[in-house]
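Contents: one structure, followed by commentary.
The values are calculated or read from the model by the stated rules, or taken from the named source; none is laboratory data. Predicted, not measured: the structure shown is a model, and the values here were computed from it. Positions of Cβ are generated from backbone atoms using ideal geometry, with glycine treated the same way; all protein chains shown enter the neighbour counts.
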Amino acid sequence: MGKPMLRSDMMLTHARLAKLYAETGQTNLSAQHVAQALACAKVAGHWSLVTNWTTLEELVGEIDRRARD
């Protein structure tokens, strides 16, 4: 597994953690994980267009929906 794939996985992991922390009211931890997810997206190559939480949240939601189908 190369670095871009690891960065993509880390991006998704941080995004999911951010969502969970936001749902439990832990906004500081959520914001930290959003920042880390966006940093990973920036260097992951093909995710460089993901530059904000809204886009990231939509991306993760779509990936998760496809995985369930």
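Each row is one residue, and each column tells you yes or no for (1) in contact (Cβ under 8 Å) with a residue 12 or more places away in the chain; (2) in contact with a helix residue (DSSP H, G or I) (Cβ under 7 Å, 6 or more places away or on another chain); (3) not in a helix (DSSP H, G or I).
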{"residue": "4", "(1), (2), (3)": "yes, no, no"}
{"residue": "30", "(1), (2), (3)": "yes, yes, no"}
{"residue": "40", "(1), (2), (3)": "yes, yes, no"}
{"residue": "50", "(1), (2), (3)": "yes, yes, yes"}
{"residue": "54", "(1), (2), (3)": "no, no, no"}
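For the range 9-26, the condition holds for no residue, the condition being that it is in a helix (DSSP H, G or I) and more than 22 Å from residue 65 (Cβ to Cβ).
Filtered by the rule that a residue be in contact (Cβ under 8 Å) with a residue 24 or more places away in the chain and either among the polar types (S, T, N, Q) or over 19 Å from residue 4 (Cα atoms) (or both), the range 56-69 gives a lone residue, 57. Residues in the range 17-51 that are farther than 22 Å from residue 6 by Cβ, surrounded by fewer than 10 Cβ atoms within 10 Å (Cβ to Cβ) and under 13 Å from the mean Cα position of the chain (by Cα): 0 in all. Applying the set (1) assigned to a helix (DSSP H, G or I); (2) touching a residue at least 40 places away in the same chain (Cβ under 8 Å) to residue 45 leaves exactly one unmet item: (1). Evaluated against (1) at pLDDT below 95; (2) crowded, with 18+ Cβ neighbours inside 10 Å, residue 61 falls short on exactly one condition, (2). Taken together, the residues in the range 30-66 that are farther than 11 Å from residue 12 by Cβ, out of contact with any Phe, Trp or Tyr (no Cβ under 6 Å at 6 or more places or on another chain) and of a type in the set (A, V, I, L, M, F, W, C) amount to 7.
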